[in-house]
Amino acid sequence: MRITVLGGCGAWPLRGEACSGFLVEQDGYRLAIDLGYGTMPRLPSPDVDAVIISHGHPDHCADLNPLLRARVLRDRPARPLPVFAPGGSLDAVLALDRPGMLDSGLDLREFTPGDRFEAGPFRVETALLPHWVPNAGLRLSAGGQVLAYTGDSGPSPDVARLARNADVFLAEASYVDAVPEEAVGFLSSATIAGGSAAQAAAGHLVLTHLLAETEPAAAVDAARSRFRGEVTAARSGLVLRL
């Protein structure tokens, strides 16, 4: 399994970076997980095999629009793209174009967090994790390896359960340590992510969705205060090979 970080910024992309997005490859199959602002130009090609969206906030799904445009508005349109997403979460981004414009390029497969399904060689387990909108945490298994991803999530015992013994755990860490009162229960910090990784006995913790004022080095140090395994801050272009 090969994981390429397309972006790891939370809320909006910093200069030269992008918001949440990951390309996961196995046996030649290319699966994009989340497509936030700025991620589409970082895909090696628009010809991915499928997309999974964790939730409907634009820093996780806005670039699905240009990806579909790149597949449909060309001399030889691509086949319909399977896109897995919680029910109703893509209504806003799919309404950006005139009705029907991108329909031929989209095979929308809505699911309810908690469902299981397959995407190419990947077995996908989902879990409803706490956020302001329905958010699906993901656990992908292929070739004896496991990738877990929180999307955006407040603290929950389900996070550690989702990431149990995962080889790579992509965990939202908007803040270094304390979460502001208005976001308590809906977002997490690097300290919280480190604790979840330790409970899960995960292998490699990758901190993602860092907000603009969250210093990556400080976030890594905070996570290491709770977790003894490898810790990395997500950045565009980072490649993880399992």
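The values are calculated or read from the model by the stated rules, or taken from the named source; none is laboratory data. As the structure is a computational prediction, the values presented were derived from the model and not from experiment. All Cβ positions, even for glycine, are placed from backbone atoms using ideal geometry, and neighbour counts span all protein chains on display.
Take residues that are closer than 23 Å to Leu242 by Cα and tell me which of the strands (runs of 3 or more DSSP E) falling wholly in segment 1-111 contain 3 or more. Give the derivation first.
Working: elements: 2-7, 21-26, 29-35, 50-52, 81-86, 106-111.
Filter on segment 1-111 gives 2-7, 21-26, 29-35, 50-52.
Quick one: in segment 194-242, which of the residues that are polar (S, T, N, Q) and surrounded by fewer than 22 Cβ atoms within 10 Å (Cβ to Cβ) is nearest to the chain's Cα centre (by Cα)?
As a first pass, look at segment 194-242 and keep what is polar (S, T, N, Q): 196, 199, 208, 214, 225, 232, 236.
Okay, now just the ones that are also surrounded by fewer than 22 Cβ atoms within 10 Å (Cβ to Cβ), so 199, 214, 225, 232, 236.
Numbers: Gln199: 21, Thr214: 19, Ser225: 24, Thr232: 16, Ser236: 13 Å.
Ranking the candidates gives Ser236 first.
One line per residue, one yes/no per condition, for (1) free of Cβ contacts under 8 Å to residues at least 60 places away in the same chain; (2) farther than 22 Å from Gln199 by Cβ; (3) buried (at least 21 other Cβ atoms within 10 Å of the Cβ):
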| residue | (1), (2), (3) |
| --- | --- |
| Thr112 | yes, yes, no |
| Phe117 | yes, yes, no |
| Arg123 | yes, yes, no |
| Thr126 | yes, no, yes |
| Leu129 | yes, no, yes |
| Asn135 | no, no, yes |
| Leu140 | no, no, yes |
| Val146 | yes, no, yes |
| Tyr149 | no, no, yes |
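Out of Leu102, Leu96, Leu73, which single residue is touching a helix residue (DSSP H, G or I) at 6+ places or on another chain (Cβ under 6 Å), more than 20 Å from Val24 (Cα to Cα) and exposed (fewer than 15 other Cβ atoms within 10 Å of the Cβ)? Can you show your working first?
Values: Leu102 fails: exposed (fewer than 15 other Cβ atoms within 10 Å of the Cβ); Leu73 fails: touching a helix residue (DSSP H, G or I) at 6+ places or on another chain (Cβ under 6 Å).
One residue alone meets the criteria, Leu96.
Identify the residue in segment 133-191 that is in a strand (DSSP E or B) and hydroxyl-bearing (Ser, Thr, Tyr) and, among all such residues, is nearest to Gly88 (Cα to Cα).
In the first step, residues of segment 133-191 are kept if they are in a strand (DSSP E or B); the result is 135-142, 145-149, 168-172, 175, 184, 187, 189.
Filter once more, keeping what is hydroxyl-bearing (Ser, Thr, Tyr): 141, 149, 175, 189.
Details: Ser141: 26, Tyr149: 21, Tyr175: 28, Ser189: 28 Å.
Result: Tyr149.
Which one is farthest from Gly38 (Cα to Cα) among residues in segment 192-210 that are in contact with an Asp or Glu (Cβ under 9 Å, 6 or more places away or on another chain) and in a helix (DSSP H, G or I)?
Checked segment 192-210; the qualifying residue farthest from Gly38 (Cα to Cα) is Ile192.
With farther than 21 Å from His209 by Cβ, crowded, with 24+ Cβ neighbours inside 10 Å and without any contact (Cβ under 8 Å) to a residue 60 or more places away in the chain as the only criterion, which of Leu68, Leu81, Leu35 stands out? Give the derivation first.
Values: Leu81 fails: crowded, with 24+ Cβ neighbours inside 10 Å; Leu35 fails: farther than 21 Å from His209 by Cβ.
Among Leu68, Leu81, Leu35, only Leu68 is farther than 21 Å from His209 by Cβ, crowded, with 24+ Cβ neighbours inside 10 Å and without any contact (Cβ under 8 Å) to a residue 60 or more places away in the chain.
Need pairs with beta-carbon distance below 7 Å; first residue in contact (Cβ under 8 Å) with a residue 40 or more places away in the chain and within segment 192-221, second part of a loop (DSSP other than H, G, I, E, B) and of a type in the set (Val, Ile, Thr); sequence gap 6+ or separate chains.
Thr214/Val176; Ala218/Val176; Ala219/Val176
Which residues, taken from segment 222-242, are without any contact (Cβ under 8 Å) to a residue 60 or more places away in the chain and among the small types (Gly, Ala, Ser)?
Our first condition is that a residue be without any contact (Cβ under 8 Å) to a residue 60 or more places away in the chain; within segment 222-242, this holds for 222-232.
Selection gives Ala222, Ala223, Ser225, Gly229.
Residue check: is Ser141 hydroxyl-bearing (Ser, Thr, Tyr), more than 27 Å from Tyr29 (Cα to Cα) and at pLDDT 95 or above?
On the way: hydroxyl-bearing (Ser, Thr, Tyr): yes; more than 27 Å from Tyr29 (Cα to Cα): no; at pLDDT 95 or above: yes.
Judged against the criteria, Ser141 is not a match.
Residues of segment 112-132 being part of a loop (DSSP other than H, G, I, E, B), closer than 22 Å to Gly56 by Cα and small (Gly, Ala, Ser), which ones? Walk me through how you get there before you give the answer.
Here is the first cut: in segment 112-132, the residues part of a loop (DSSP other than H, G, I, E, B) are 112-115, 120-121, 130-132.
Still in the list and also closer than 22 Å to Gly56 by Cα: 112-115, 130-132.
Listed by number, the list holds a single entry, Gly114.
Do you know which of the residues in segment 84-93 that are among the hydrophobic types (A, V, I, L, M, F, W, C) and in contact with a strand residue (DSSP E or B) (Cβ under 8 Å, 6 or more places away or on another chain) is surrounded by the most Cβ atoms within 10 Å (Cβ to Cβ)?
So in segment 84-93, the residues among the hydrophobic types (A, V, I, L, M, F, W, C) come out as 84-85, 90, 92-93.
Add one more test, that the residue is in contact with a strand residue (DSSP E or B) (Cβ under 8 Å, 6 or more places away or on another chain), and what stays is 84-85, 90.
Working: Phe84: 23, Ala85: 25, Leu90: 21.
Ranking the candidates gives Ala85 first.
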